[in-house]
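The values are calculated or read from the model by the stated rules, or taken from the named source; none is laboratory data. Please read these numbers as outputs of a predicted model, since none were measured by experiment. Note that we place each Cβ from the backbone using ideal geometry, even for glycine, and neighbour counts take in every protein chain shown. Note: accessible area is taken over every heavy atom of the protein model, side chains too, but ligands, DNA and RNA are not part of it. Shrake-Rupley method; radii C 1.70, N 1.55, O 1.52, S 1.80 Å.
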Amino acid sequence: MRVDVRQLARTYAAPLIVAIILLVFFAGNDSFWIYNLTLVAIYAIIVVGLNVFVGYVGLVTFAQTAFMAVGGYSLAILTVRHVWNPWLALLAGIVLSMVAATIVGVPLLRLRGHYLTMATFALALGTFGYLTGATGFTGGSVGISGVPPLAIGSFSLADPRQAFVGCWILVAVATWIGVRVRDSHIGRAWQTISSREEAGASLGLRVQRYKVLAFILAAVFGAVGGALYVGFTTYVSPDLYDSSIGVNLFVMLFLGGRGRTLAPIVGAAVILLVPQEFAALADYQTILFDIVLLLIILFRPGGLLDPPHWLQRLGRGGGDRPATAPPGAPDPTGTPEPVGADR
């Protein structure tokens, strides 16, 4: 009997994750873990956007922190200084992130390879430098405090339990959007760009347009996550968008497995929750966590969600093709498969 591993993952993995989350939520009232699990949800939304650009299109960007800053500072400045409704400020942040991604993305995405990587890294560093230096506009290193939380009626991010529920609902929505776009004709165009960009261009595929579209979608998720973080903590400062945050976002994605649906959730949970388990060993916390990450990279290079070889062989009905085929190797059916795809 042939077992479709990908179909099993689609059918049971997401409900299992939701069940675990609900179990944690209803099993106790530990405010510490509720707070940290809410942060996991917020960062998962941001990494969903990074997964679109890195996992589906196969390009590398460090600009996600810049778009987080657009969403976070839009919410803070418009609500605190101009007394906007927080939801209108969030919408303004999303629109600004789309405009900024379009303006920046059109020229930057003409670059390739490490040139694109360095250009987006420079964008992130430039954004951080501006936020720190523009004291009259952003508050400089002091930041802006007293940001009103996003609220609808009695529901408010100021309540940790309500924030937990609301943010995880948004994780589900973001994940659903990512999957729907991935499985659309746009996603198939991204798959072509990731595997055979020159071939796609020769067939008339507007490669630049699809790259910019992915960049904009990633920016929207980044802005939403950045605004949620500020709305939840009621504070924003440049420290939230320094280069180490951008690196952590990448680690979150690659730990889960780039291109995989649940990679943002798994990666964010590992990066944010595992260090808490080493809190009792404060003097050795960083080195122990780094060792754990190194072991994961060495023994699970495809990410924690990458199924083991024996399960892959089982899913292929006894070995339709070698389980050790190199990443990006052509499928015997002639259909290219993106690295890390879990469809």
Scanning for something at pLDDT 90 or above, open to solvent by less than 50 Å² (accessible area, probe 1.4 Å), part of a helix (DSSP H, G or I) and on the phi < 0 side of the Ramachandran plot, does segment 145-153 turn up at least one residue? no
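Go over the candidates V106, V54, V60 one by one and state the one that is in contact with a helix residue (DSSP H, G or I) (Cβ under 9 Å, 6 or more places away or on another chain) and closer than 24 Å to L273 by Cβ.
V54
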So S74, is it among the polar types (S, T, N, Q), open to solvent by less than 60 Å² (accessible area, probe 1.4 Å) and at pLDDT 95 or above: yes
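Answer with yes or no whether T138 is in contact (Cβ under 8 Å) with a residue 40 or more places away in the chain, over 21 Å from the mean Cα position of the chain (by Cα) and under 20 Å from G246 (Cβ atoms).
It is true that T138 is in contact (Cβ under 8 Å) with a residue 40 or more places away in the chain, over 21 Å from the mean Cα position of the chain (by Cα) and under 20 Å from G246 (Cβ atoms).
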Scan segment 241-255 and tell me whether some residue there is open to solvent by 50 Å² or more (accessible area, probe 1.4 Å), in contact with a Gly (Cβ under 7 Å, 6 or more places away or on another chain) and modelled with pLDDT of 85 or more. yes
Conditions first: (1) modelled with pLDDT under 80; (2) open to solvent by 40 Å² or more (accessible area, probe 1.4 Å); (3) in a helix (DSSP H, G or I); (4) over 16 Å from I169 (Cα atoms). L16 passes all but one, so which condition is the exception? (4)
Being small (G, A, S) and in a helix (DSSP H, G or I) narrows it down to one of G222, G204, so name that one. G222
Just give me the residues in segment 160-186 being among the β-branched types (V, I, T) and either surrounded by 20 or more Cβ atoms within 10 Å (Cβ to Cβ) or under 14 Å from I265 (Cβ atoms) (or both), in sequence order. I169, V171, V173, T175, V179
Please enumerate the residues belonging to segment 44-71 that are surrounded by fewer than 24 Cβ atoms within 10 Å (Cβ to Cβ) and of a type in the set (V, I, T). V60
Considering only residues that are among the hydroxyl-bearing types (S, T, Y) and open to solvent by 30 Å² or more (accessible area, probe 1.4 Å), look in segment 90-116 and name the one that is farthest from L240 (Cα to Cα). Y115
Which one of L288, L298 is of a type outside the set (V, I, T), modelled with pLDDT of 55 or more, more than 15 Å from the chain's Cα centre (by Cα) and surrounded by fewer than 12 Cβ atoms within 10 Å (Cβ to Cβ)? L298
I'd like the full set of residues that are among the basic types (K, R) and surrounded by fewer than 21 Cβ atoms within 10 Å (Cβ to Cβ), limited to segment 187-219. R188, R196, R206, R209
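Let's see how each residue does on (1) farther than 26 Å from V165 by Cα; (2) of a type in the set (F, W, Y):
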position: G71; (1), (2): no, no
position: T102; (1), (2): yes, no
position: V106; (1), (2): yes, no
position: Y115; (1), (2): yes, yes
position: G126; (1), (2): yes, no
position: L131; (1), (2): yes, no
position: T135; (1), (2): yes, no
position: T138; (1), (2): yes, no
position: S141; (1), (2): yes, no
